[in-house]
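Step one of this worksheet: look at the structure below.
The values are calculated or read from the model by the stated rules, or taken from the named source; none is laboratory data. Just so it is clear, the structure is predicted and the values come from calculations on it, not from any experiment. We place every Cβ from the backbone using ideal geometry, glycine too, and count neighbours over all the protein chains shown. Ligands, DNA and RNA are excluded from the accessible area calculation, which covers all protein heavy atoms including side chains. Shrake-Rupley method; radii C 1.70, N 1.55, O 1.52, S 1.80 Å.
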Amino acid sequence: MRVFWGAALLLLSCAVQAQWPPAWLDAEAGLARARVPDCPNESAEGFSLRWQQGRISGRLQRLSLDLTCSRSGNSGLEGERDALSLLLTLPPIDFEIDELRLHLPGGELAGPAGLRHQGRKLALHWRTGGGELVLALEPHEQGWRWQGQLPGGLFTPAMNHQPLAVSGGWQPGRPLVVALSSTLPRPLVGEVRLDIRLAETTGGWRLLPDSRLTIPRLGWRDLTLDNLVLSPVGSQSLAGPWSLELAWQGGHWARQAFPGASLQLNAESGRVGDLALELAPGLRLAGYWRQRATGWSLVLPRQSLSLAGLWAWLGSWLAMPADLVVEAGEVILSARAEDLPDPARPLTLQLALEGGRMAYRELRAEPVAATFILDWRQGRLLSRDGGGLSIGELDIGVPVREIHAALGWRQDGLWLSGLTAQLLGGQLALSPMALAPPLRGQLHLRDIALAELLTRAAVPGLTGDGRLHGRLPFVFDGRGSVSGGRLWGDPGWISYRPGEALQASAESNLSLGLTLGLLTDLQYQELAAEVSMDAAGEAVITSRLRGRAPVMGRMHPVNFNYQHRENLLELLESLRFARDLGERLPARLEGGTDK
């Protein structure tokens, strides 16, 4: 190395003296190999310095550097034994390097390069397979500091034509600091900054907890995440298992805002690990991931969440029905994605509800169960066949039992594909409709038992038998209304036995007496009614009956028209009150408690 220095100094002095040696003279000095003893990763091969046609040039076949080992504060030949960097032992001229190999914590990079001297600074122009690296190095406090530009392709093929600004430094006994910043590759939108802090230990390099990847705002399709931060969970080795936490403060999906959350990613090796998503305290999803040749696979195995906790979390950022109270239930969830982020491969989400119990104002439903299978594909959420909802009993004043509904997610939102239930000895059904306010649909009734209906109405003296059918178009937006509803019935009978007061009035009123007499035993062949109800519950029912009734021992034709006005919401409320009173009063009379 000393011989090489002597030849180099001679050639340099010749360059300064401009008169000697003459321009026609060719002179060359060379050195086969050089090393830094205290830095095993540093070496140089194939030195050559050449004076030709009045110009001096340098060339290296191979140069290996380790910026985290060499100390730059020493000077001259005396510093070689103290791990002086090879960069500083080279003559202060420009070099072309056939292969520059840079050793980094956890890996190395290699490629042809050019070395330029700019006073105390060194400029590396490095041509790698991913693009050109430009790095300005400056000795600083027994170490280095640097800034420049890296090709994004060194990190991911998606950034092949996207440069990254780089800066940082290292001094002995202190962490290695590297800062990278760039715009995100398409289809992502946003600015990203990566701050890395590494400490050298006897067991190798360790990533420090204050390392950060920060994205102030990340955009992808209709998704936006705010203040996204990726950081290591504790100090961890670059060569072993790792654990990272990804957190964001909030975001938007289309126009819908949603709250922040955190995702912890753990790796048993470089290609497989587990994850945990914390939506809120006590609301946590767990799964595992695997890196594949074409992307990532993600699996959330079957797990349960509290329905009440999930409902409270949804209510913190969605406009959920304020009067809907969730009392019990478990949500069973699982998900699978085979090849993220390929938009052609779906992310499949399976949801189930078990043991649900809930109330909406005075209405109560239990037990509630549901299943959904959803696919996220090409930026769209669609449901598979087979999703549905079932409710054992819904109490609206009269019990609606065995409710079964087919639900699905279409492009414009959640849809009810159909609903059936048991009501008053018959069946009801809802026509398909979008489950978005205001709800617009039709309620169909079939084989409703007139005897049960009259019993629930609790009109003294009124009995009957027969089957009713109907169609009730409705609108529901917090309150329900009916317009243009129709009811009709199969042949049956109605009997009305008036109370003593009404019977006494009939004795002096011929018309009333005749009417009451006809209603004593009316055998009808036709029953029809028109029904309407406003949002306050005020209903108008105009009914027509055609049949026969006994008069003086003989059956006579009867046509009977009747208009009835009543608040049906108040009637249903009174029926619920009467039922509750019937359940609670005996307990109180027996010394029990009202629960």
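Things worth noting here:
- Cα-centred dipole magnitude for region 314-426, charges only on beta-carbon of K, R (+1) and D, E (-1), debye, nearest 20: 260
- Evaluated over region 199-327, the Cα radius of gyration and Dmax, each in Å: 17.6, 62
- Of the solvent-accessible surface of region 216-319, computed with a 1.4 Å probe and all protein chains present, 57% belongs to carbon and sulfur.
- Shape call, region 262-416: gyration tensor on alpha carbons, a/c limit 1.5: prolate
- Think of region 354-507 as a dipole: +1 on every Lys or Arg Cβ, -1 on every Asp or Glu Cβ, centred on the Cα centre; then among 424, 484, 378, 378 lies furthest on the positive end.
- Near residue 113: Cβ cut-off under 13 Å, other residues only, Lys/Arg at +1 and Asp/Glu at -1. The net charge is 0.
- Peptides ranked, highest mean first, by Cβ atoms within 10 Å: ranges 465-476, 212-223: 465-476, 212-223
- Each Lys and Arg contributes +1 and each Asp and Glu -1, all at the Cβ; summed about the Cα centre of region 196-347, the dipole is approximately 400 debye.
- Surrounding net charge for residue 179, when Lys and Arg each add one and Asp and Glu each subtract one, Cβ distance under 9 Å: 0
- The protection proxy used here, the mean number of other Cβ atoms lying within 10 Å of each residue, ranks peptides 332-340, 186-194 as follows, highest first: 332-340, 186-194.
- Neighbourhood charge, 12 Å Cβ-Cβ cut-off, centred on residue 262 and excluding it, Lys, Arg +1 and Asp, Glu -1: -1
- When +1 charges are put on Lys and Arg Cβ atoms and -1 charges on Asp and Glu Cβ atoms, the dipole computed for region 157-279 relative to its Cα centre reaches about 300 debye.
- Pairwise centroid distance, computed over Cα atoms, of region 329-365 with region 190-227, Å: 32
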